[in-house]
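A short reminder: the numbers here are calculations on the coordinates, not readings from a lab. All values reported here derive from a predicted model rather than from experimental measurement. Here the Cβ is made from the backbone with ideal geometry for all residues, glycine too, and neighbour counts use every protein chain on show.
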Amino acid sequence: MTAVVVIVGRPNVGKSTLFNRLTNSDRALVDDQPGVTRDRIAGEIRHGQQRCLLVDTGGLGHAAAEDPALAERVTAHSLQAVHEADLVLWLVDGRTGPTVEEQELAGQLRPLGERLRLVVNKTEGTDSELACAEFYQLGVGEPLAVSAQRGSGIPRLLDTLFSTL
Ligand code: GDP
Ligand code: MG
């Protein structure tokens, strides 16, 4: 069975950019407007001899948008994807620090234990240790710093991912 890895996180943290980076594709739509990825997109990650299936989601951990029904549907889709996953990558924005919604989401995702990995994005040009420091308070383990856009931290993320699976 191919292992399934799911990316979750609030809109605009860079989930689709990370999806494209890890799958070497441009299939996931990257946009400045929050909430662009509404349906799940899946692609393959290859790393040496290993492979797994990566799923991009519409997001988790945002306050109700202008269209609450849509926001709810997106959240339901993402939660379904989380339950089906062998590993969940929770992506956050290293430039903003944890939001109130993310602090609440931490409580929902914490039971995943080893199946959850916190990934701090947009850390290019910043002190990545400092960027990660404030995310320890989410209480879901050690954050991993990356820049989905520039590619920094991606080899280490891939190593961690495949050693967990
Ligand atoms: P999603 O809504 O979580 O899927 O986020 P997107 O992948 O659509 O990206 C949202 C915005 O963040 C876009 O403008 C991206 O170019 C930008 N972005 C994504 N990754 C990075 C990164 O590593 N660094 C910076 N500075 N911006 C990024
Ligand atoms: Mg997206």
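In region 97-165 the Cα-Cα distances spread across 5 Å bins starting at 0 as 3, 17, 26, 24, 20, 10, 1 percent of all pairs.
Between the alpha-carbon centres of region 142-165 and region 80-117 there is a gap of 15 Å. The packing ranking of peptides 145-152, 4-11, 100-107, highest mean first, is 4-11, 145-152, 100-107, where packing means the average number of other beta carbon atoms within 10 angstrom of each residue. Estimated at 0.36 nm per residue, the fully extended path between Ala133 and Gln49 surpasses their Cα-Cα distance by 26.9 nm.
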